[in-house]
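K.L.:
Here you go, one structure.
The values are calculated or read from the model by the stated rules, or taken from the named source; none is laboratory data. Not measured: the values here are computed from a predicted model. Note that each Cβ is placed from the backbone with ideal geometry, even for glycine, and that neighbours are counted across all protein chains shown. Accessible surface areas use protein heavy atoms only, side chains included; no ligands, DNA or RNA. Shrake-Rupley method; radii C 1.70, N 1.55, O 1.52, S 1.80 Å.
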Amino acid sequence: MARDVLIDLQHITKVFPPDTVALSDVSVSFEAGEIHALVGENGAGKSTLMKVFYGLERRDAGDIFFRGAKVEFRTPREAIAAGIGMVHQEILLIPEYTVWQNIVLGAEPVRAFGIIDVDRAREVVRQKIEEFQFNLDPDALVGDISVAARQKVEILKLLYRNVSVLVLDEPTAVLTPQEIPQLFAELARLRDKGHTIIFISHRLDEVLTLSDRVTVMRRGKIVGTSAASELTKEDLARQMVGREVLFTSRRQPQEPGEIVFHAQGLNCSDTEHRARLHDATVEVRAGEIVGVAGVEGNGQFELVNAIMGLAPMTSGTLEVKGKDITHADILTRRTLIAFVPQDREKMGASVAASILEDAIMTHHILDPRFRTWRGLGLNYRHAAEFVDQIRDQFTVSMGHSSDPFNSLSGGNQQKVILGRELLLETPFVLMDQPTRGLDVGSIEYVHQLLLDLRSKKRAVLLVSADLDELFMVADRIVVMCQGEVVADLATDATSREEIGYYMLGGKEVAHAETGS
Amino acid sequence: MNVLFGLVSAMVVGATPILLAAIGGTFTFYAGIFNIAMEGMMLVGAFCAVLGSFFLHSWFLGILCAVAGALVMAGIFILFAVKLHTDEFLTGIALNLFAVGLTTFLLRDIFHVKGAFTDAGIRAIPAVKLPLISGIPYLGSLLSGYNLIIYVAVLVTVLSAFVIFRTRFGLRLRGAGYNAACLSSSGVPASTIRIWSLIICAVCCGLAGAYLSLGYVRLFAENMSAGRGWISLAAVILVSGNPWGIGVISLLFGFFDGLTVFLQGGRIPTQFTAMIPYVATLVSLYLYSVRKKRRQA
């Protein structure tokens, strides 16, 4: 079905001073009434391209055509007036306001003296909700509704302003897996009503499920546009990364060595005395990767905190290499455990500090080579060499070591943290969601790193919400449910279905069946 | 009976400048500005009121001058804190210090006096006898015969509650405080709303200042706002900006203020009676935080 070209971007170039080319001669067109996915790795220029189009970023060259006419949006307000709306990654709503107040804010129906016409506003919002079957209560406080519902409010806010083109920047990043199909159904319905949807993503499965056409970007350039029906996940990944990406396991068979990490009967409770960890027992051998699976909030986070000594345990013992660290202070644990936390920006690093400062954390205390003047000063020369070592060994693309940590892209931030932790040369490595929010290339890099650790006979405990990831790298998978370890399965002898069964509390079900 | 009436009237009189400044402050509070410049705006307003009233021979022009003076202060705040993004707290401190210095300097330079300037040529804002009500016994003497600004203050309070909670401007105003980025992305620049909130605040503080120098008394004294701007800030924060709450708190402070005047004739040293409003502020802040803690637990 041939559709009319609605938006035509011609030869767009954008350079961030001094010399970072974000977009280089990008030309792409979007047709009326299609769902068009824009995919690429982090930093490929997807968001920048849409921001240029939407009037959030200036461009250095190129033309924008909308409905056949050359246009120039200087602010998002002008874009919205022309019928184009963008939903950003971070949801921008006022939690203290109700759904209808958020939707009408900035375009409120008023009576004389600027008094808000509450009845009309609520009625219009209710009609929009019904028209698009969004299942929202116009009078609910936005602070009380789920993230998925807030996203709907954001979309409705634009539909209320009668936009015909919706740009969604990674809309699924904030959703749980169960919420995604609903969003997709709603987007498909919008398309069937004649709206055009531009959908930015780096999740390949989603792109193929939802979109009509897909445009792949890499390093500020267009790789190509094709119909989604003609693509496979492997095609997309190859186009995005520029080389073959493996989605299958590359684990070499290897006999695990002696027990390195042993957690026995860990218990801990929250402030309301509810058990968060219940008799959790996990062991990891040298040269073995053990994955921890589970629906989020079933004790994984508490397990990690208990191992690192970040939260008190009520009972249980922890051993690394035969050494009891149950009551050890954090510094002692750090000599034995390398730790990559889930939250890069809050726990993994100090984003406002320099790359160098972030890189030498922990090392500067444990390693005397980082000290001068009997510990009163820092040996900056050694620190700089250390940063160079991380950069070269972990292929970090970075500016000067004194640049702030948040000048790095997400993937490079993670590489610096990984470098820092792995160069501690500890026997045990604990990783909590190490690939979350990374692009395909970086994810692949982390997986390779994990497998390298395995062949170096390190013991790795990998907490991950991504089952594909666990099946790719882990030797064994332990499943957590309601703070308990409910299953401990060899990866090669289990299936995603079996893991999923235990994740949803299968053990209790099994007990009930045998009991009756 | 007369003592009671006297106390009520002293309470209302004492509450008015705090009420006006706090209502101004509540607009900036909702707009998400940490505005502590009410004190300075009020002081400049008080000085400009005397200036206008004395030289232009009109209390009305005096009020206009007071508002204009406070608006100049707001203009400086807007230039620095909104346009140039300096720290709001520091800008506020600078403005308050500037106001003391400026008015003291101008007092000596223009009127050639130290401490206070009082002159028969200063026209005071008149008191208003309410028609009908003034004839009713008791109620008449309770409600009628106050200074014009006091009625204006009541009107401003009612109006502000309406504007903040019922109008489009109010929705956007509160939006600027809750989430400025959201408001801006909805097509209303938050900075525009903040500028308007500061202008409204300046008008209110100007009125408060005019009341101090042309209503409460008929003179200008150095630093005559005497911390009322700060107390109004405490009132705003205490009730999280609610105009009705501000009205109650202002009356409470007005009561203690009136008590000060009442007790001055007695045996208690005036230094101690003058402390009462400030001690009351501290006590109420303490009680408030204790209550808040209890509610959370």
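K.L.:
For a test of the definition: using alpha carbon positions, the gyration tensor, and the 1.5 limit on a/c, classify region A:298-445 as rounded, prolate or oblate.
P.N.:
Oblate, since a/c reaches 1.5 and b/c is not below a/b.
K.L.:
Rounded to the nearest 500 deg cm²/dmol, what is the calculated helix-only ellipticity per residue at 222 nm for the protein assembly as shown, with -39500 (n - 2.57) per DSSP H run of length n ≥ 4?
P.N.:
Rounded to the nearest 500, the figure is -14500 deg cm²/dmol.
K.L.:
By a straight-distance test (C-alpha under 22 Å), which lysines pair with residue A:346 as possible cross-link partners, with residues fewer than eight away in the same chain excluded?
P.N.:
By straight Cα distance, residue A:346 reaches A:415.
K.L.:
When DSSP assigns beta bridges and you keep just the ones with both residues in the protein assembly as shown, what percent turn out antiparallel, to the nearest 5?
P.N.:
Bridges in the protein assembly as shown that DSSP calls antiparallel: roughly 60 percent.
K.L.:
Now a separate question. Please identify the cysteines of the protein assembly as shown that lack any partner cysteine with a Cβ under 4.7 Å from their own Cβ.
P.N.:
Within the protein assembly as shown, the cysteines lacking a partner Cβ under 4.7 Å are A:268, A:481, B:182, B:201, B:204, B:205.
K.L.:
Provide the per-residue ³J(HN,Hα) series for region B:204-218, in order, calculated from phi with Karplus coefficients 6.51, -1.76, 1.60 and θ = phi - 60°, each as a whole number of Hz, with x at glycine and proline positions.
P.N.:
Working through the residues one at a time gives 5, 5, x, 4, 4, x, 4, 5, 4, 9, 10, x, 4, 10, 10 Hz.
K.L.:
Could you give the accessible area per residue of region A:5-241, probe 1.4 Å, as a whole number in Å²?
P.N.:
41 Å²
K.L.:
Give me the dipole magnitude in Debye, nearest 20, for region A:372-468 about the Cα centre, with unit charges on the beta carbon: positive for Lys and Arg, negative for Asp and Glu.
P.N.:
Computed charge dipole of region A:372-468: roughly 400 debye.
K.L.:
What is region B:110-249 by shape, rounded, prolate or oblate, if you read a ≥ b ≥ c off the alpha carbon gyration tensor as root eigenvalues and call it rounded for a/c under 1.5, prolate for a/b larger than b/c, and oblate otherwise?
P.N.:
Since a/c reaches 1.5 but b/c is at least a/b, the shape of region B:110-249 is classed as oblate.
K.L.:
Residues of B:184-195, mean number of Cβ from any other protein chain within 10 Å of their own Cβ, rounded to a whole number?
P.N.:
4
K.L.:
Further question: Considering only B:197, A:412, A:149, whose Cα is most displaced toward the positive end of the charge dipole of the protein assembly as shown, charges sitting on Cβ of Lys, Arg (+1) and Asp, Glu (-1)?
P.N.:
B:197
K.L.:
Same structure, new question: Under 5 Å between amide H atoms, partner at least 5 residues away or on a different chain: which partners does residue A:339 have, H built in plane at 1.01 Å?
P.N.:
Distant-sequence amide H within range of residue A:339: A:430.
K.L.:
Give me the accessible area of residue A:378, 1.4 Å probe, in Å² rounded to the nearest 10.
P.N.:
Its accessible surface works out to 60 Å², give or take rounding.
K.L.:
Summarise the partner chain shielding of A:94-101 as one whole number: the mean count of Cβ atoms from other chains within 10 Å of each residue's Cβ.
P.N.:
Shielding by partners across A:94-101 averages 3.
K.L.:
Follow-up question, since we're still on this one. For residue A:5, what is the net charge nearby, where nearby means another residue's Cβ is under 11 Å from its Cβ and Lys, Arg count +1, Asp, Glu -1?
P.N.:
Every neighbour counted, the sum reads -2.
K.L.:
Pick out which of B:197, B:141, B:213 has the largest mean-square fluctuation in a Gaussian network model of chain B, springs linking Cα atoms closer than 10 Å.
P.N.:
B:141
K.L.:
When the convex hull of the Cα atoms of region B:2-296 is projected onto a plane and the area is averaged over all directions, what value comes out in nm²?
P.N.:
The number I arrive at for region B:2-296 is 17.5 nm².
K.L.:
Separate question: First select every other residue whose beta carbon is under 9 angstrom from the beta carbon of residue A:462; then total the charges, Lys and Arg +1, Asp and Glu -1.
P.N.:
Computed value for this residue: -2.
K.L.:
With every protein chain kept in the model, how would you rank B:184, A:397 by accessible area, 1.4 Å probe, largest at the top?
P.N.:
A:397, B:184
K.L.:
Compare the Cα positions of A:216, B:140, A:55 along the charge dipole of the protein assembly as shown (+1 at Cβ of Lys, Arg; -1 at Cβ of Asp, Glu; about the Cα centre) and return the one farthest towards the positive end.
P.N.:
B:140
K.L.:
Now a separate question. Using a 1.4 Å probe and counting only protein heavy atoms, arrange A:215, A:314 so the residue with the most accessible area comes first.
P.N.:
A:314, A:215
K.L.:
While we're here: Hey, if we sort A:471, B:60, A:405 by accessible area with the 1.4 Å probe, largest down, what's the order?
P.N.:
Highest to lowest solvent-accessible surface, that is B:60, A:471, A:405.
K.L.:
Quick one: the Cα spread of the protein assembly as shown along its three principal axes, in angstroms, biggest first?
P.N.:
Taking the Cα atoms of the protein assembly as shown, the three principal extents are 102, 69, 68 Å.
K.L.:
Let me ask something else. Once Lys and Arg get +1 and Asp and Glu get -1 on their Cβ, which of B:211, B:289, B:259 lies farthest toward the positive end of the dipole of region B:152-297?
P.N.:
The listed residue farthest towards the positive side: B:289.
K.L.:
If the reach is capped at under 12 angstrom between alpha carbons, list the aspartates and glutamates near residue A:51, excluding any in the same chain fewer than eight residues apart.
P.N.:
A:169
K.L.:
Sequence-distant or interchain residues sharing an amide H contact under 5 Å with residue A:293, placed H: which?
P.N.:
The list, which skips near neighbours in sequence, is A:478, A:479, A:480.
K.L.:
Express in Å², to the nearest 10, the accessible area of residue A:396 obtained by rolling a 1.4 Å probe over the protein heavy atoms while all chains stay in place.
P.N.:
10 Å²
K.L.:
Rounded to the nearest 20 Debye, what is the dipole magnitude of region B:2-296 about its Cα centre when Lys and Arg each give +1 and Asp and Glu each give -1 at the C-beta?
P.N.:
The dipole of region B:2-296 has a size of about 760 debye.
K.L.:
Counting other C-beta atoms within 10 Å, and keeping those with at most 16, which DSSP coil GluC sites (Glu not before Pro) do you find in region A:75-121?
P.N.:
A:90, A:96
K.L.:
Another question about this same structure. Dipole size in debye (nearest 20) for the protein assembly as shown around its Cα centre, Lys and Arg Cβ +1, Asp and Glu Cβ -1?
P.N.:
3200 debye
K.L.:
Choose one answer from B:99, B:21, B:70: the residue with the largest mean-square fluctuation in a GNM of chain B with alpha-carbon springs under 10 Å.
P.N.:
Among B:99, B:21, B:70, the largest mean-square fluctuation in the Gaussian network model of chain B belongs to B:99.
K.L.:
Follow-up. A plus B alone minus the pair: what accessible area, both sides summed, probe 1.4 Å, in Å² to 100?
P.N.:
It comes to approximately 1600 Å² buried between A and B.
K.L.:
Taking Cα centroids, how far is region A:385-461 from region B:138-182 in Å?
P.N.:
Measuring centre to centre over Cα atoms gives 58 Å.
K.L.:
Just check region A:174-297 against the gyration tensor rule for me: Cα atoms, a ≥ b ≥ c as the square roots of the eigenvalues, rounded for a/c under 1.5, and otherwise prolate or oblate depending on whether a/b exceeds b/c.
P.N.:
oblate
K.L.:
Heads up, I need the accessible area for residue A:4: 1.4 angstrom probe, whole protein in place, Å², nearest 10.
P.N.:
Here the residue's solvent-accessible area equals roughly 110 Å².
K.L.:
Keeping all protein chains in place, calculate the accessible area per residue for chain B (probe 1.4 angstrom), answer in Å².
P.N.:
Here the per-residue accessible area is 46 Å².
K.L.:
Next question. Computed over the Cα atoms of region A:5-241, what is the convex hull's projected area averaged over all directions, in nm²?
P.N.:
Mean projected area of the Cα convex hull: 13.6 nm².
K.L.:
Give me the percent of accessible area attributable to carbon and sulfur for region B:12-129, probe 1.4 angstrom.
P.N.:
The C+S portion of the solvent-accessible surface of region B:12-129 is 74 percent.
K.L.:
Can you list residues from other chains, or at least 5 along the same chain, whose modelled amide H is less than 5 Å from the amide H of residue A:199?
P.N.:
Sorted by chain and number, the residues that satisfy this are A:36, A:37, A:38, A:168.
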